Amino acid sequence: MRIADAWRGAAEQLAPWGSMDPERLILVGSGTSLNALMVAAPELANGYRRVDVVNPRSFLQMPIPSPGTTCVVVLSQTGTSDTSVQSVTRAQSAGAVTITLTADLESPIAQVARRTLHLPVGDEPVGPKTKGYTVSLAVLSQLSNWMNGKSMDAAVPVSDLDALLPRAEAAATALAEELDAVDYIAIAGEERHYGTAQEGSLKISEICGVPAAGFTTEELLHGRLHGLSERSLCVMIAATAEHKATAEHVAAVMQASGVRILGLDLRGEAGPFGWPSDMIGTTPPFDAMAGIIPIQWLAMALARRRGMEPHRMRYPGLSQRLGIKLARTA
């Protein structure tokens, strides 16, 4: 289980690091990295007077007040995002405490970083980072434990996560068979799981090319449902009983209009609109790692039904043509 390896590996890397006591925290990332930071932000924020979660372009335009009391965490799984590399260079030059997380220690970002946390992702069979996301969450959670002086020895629910993989794949495959005509997929989540919703919608768009968007539940309810048709799907992530009750209410209301709403209950409790029906419940921070898995499998299943190769994405090589990725020099 890659998550367990990442959990233990992060603890080993962080153990010899000296303590720090900054007042402000800035989390920097784009795409999947930004989504992981959004999920981890509430954990990381404990004890800080101010926490910002921004993309690199925004960070490059931000002032860094009192650099010595500001900590900048830059996450770039591939380590090749041009603006993320620039962000590390700028933060370090400004005198901020800078921590860089990357999966590739030979990448451009690792070459400029002075303090690096390695993400032990290994091979990514899918181009749009699936393992990279869950490994990032595991390492960020341990970084939070280290920052806040908490134990890094918590047990990873390996058996539960392992058991979830085939269940999620089966549920995703079955659902994909009903979605050949799907025109749009919306994913909603509350609080830290807004990041989960964003990551889920990103995987759908990247891997299978179906238009998708992520929202907070509040935003979904205030107008976004009008964008759904009988060919659409909405997945509402539920981390609490209140979230689940909201999802079931929305599903019942929209069912009358032929719009399909499913509730992904991270506590593993069954319900009339639950998906997957045999979801395994986990507790924070592992619920976010488990919650993305069914959506990742759904993106894969939809791609395969469309004759697409998931690892190539809809427009292969687009990042390079857009000029947002750097080539490795090593």
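Shape summary: segment 164-225 maps onto an equivalent ellipsoid whose semi-axes, from the alpha-carbon gyration tensor, are 21, 15, 11 Å in decreasing order. Rule-of-thumb check for segment 53-121: C-alpha Rg over 2.2 N^0.38 Å? Taking the Cα Rg and dividing by 2.2 N^0.38 Å, one obtains 1.01. Remark: spin-label model distance GLU124-ASN46 equals 2.9 nm, labels positioned 7 Å along the Cα→Cβ axis. With a ≥ b ≥ c the root eigenvalues of the C-alpha gyration tensor of segment 54-187, is it rounded (a/c under 1.5), prolate (a/b larger than b/c) or oblate? Note, shape of segment 54-187 comes out prolate. The GluC sites (Glu not before Pro) of segment 237-330 include none that meets both criteria, a DSSP state outside H, G, I, E and B (loop) and at most 10 other C-beta atoms within 10 angstrom of the site's C-beta.
With a cut-off of 11 Å between beta carbons, the residues surrounding PHE215 carry a summed charge of -2, where Lys and Arg count +1 and Asp and Glu -1. Of the solvent-accessible surface of segment 1-131, computed with a 1.4 Å probe and all protein chains present, 47% belongs to carbon and sulfur. Where the accessible area of segment 144-281 is counted over protein heavy atoms with a 1.4 Å probe, how much of it, in %, is carbon and sulfur? Looking at segment 144-281 in its full context, I get 50 percent from C and S.
Looking at the square roots a ≥ b ≥ c of the eigenvalues of the Cα gyration tensor of segment 155-258, which shape do they give, rounded for a/c under 1.5, prolate if a/b is larger than b/c, or oblate?
Oblate, because a/c is 1.5 or more while a/b does not exceed b/c.
Just subtract the alpha-carbon distance of ALA174 and VAL112 from 0.36 nm times their residue separation and send over the number in nm, one decimal.
17.7 nm
When shorter helices are ignored and each DSSP H run of at least 4 residues is given -39500 (n - 2.57), the per-residue value for the chain at 222 nm works out to -14000 deg cm²/dmol. Treating r as the C-beta distance of ARG304 and ARG267 and R0 as 35 Å, the FRET efficiency rounds to 0.75.
For segment 176-330, the Kirkwood radius over C-alpha pairs fed into Stokes-Einstein at 25 °C and 0.890 mPa s yields D = 152 µm² per second. Placing dummy labels 7 Å off each Cα toward the beta-carbon, the span from THR283 to ASP21 is 3.1 nm.
Overall shape: prolate for segment 125-179, with the ratio a/c of the largest to smallest alpha carbon gyration tensor axis at 1.5 or above and a/b above b/c. Per residue, the chain exposes 43 Å² of accessible surface when a 1.4 Å probe is rolled over the protein heavy atoms with every protein chain present. GLU23 sits among other residues whose Cβ lies under 9 Å from its own Cβ, and their net charge, with Lys and Arg +1 and Asp and Glu -1, is +2. Entry note, the chain: relative contact order of 18 percent, from Cα contacts under 8 Å with a spacing of 6+ residues. With N counted as the residues of the chain, its alpha-carbon radius of gyration over 2.2 N^0.38 Å works out to 0.98. The stretch between ALA241 and ARG321, if pulled fully straight at 0.36 nm per residue, gains 24.3 nm over its current Cα-Cα span. Modelled label positions at ALA181 and MET62, each set 7 Å beyond Cα in the direction of Cβ, lie 4.6 nm from each other.
The values are calculated or read from the model by the stated rules, or taken from the named source; none is laboratory data. Please read all numbers here as calculations on a predicted model, not as lab measurements. Positions of Cβ are backbone-derived with ideal geometry, glycine not excepted, and every protein chain shown enters the neighbour counts. Side chains are part of the model used for accessible areas, which takes the heavy atoms of the whole protein and leaves out ligands, DNA and RNA. Shrake-Rupley method; radii C 1.70, N 1.55, O 1.52, S 1.80 Å.
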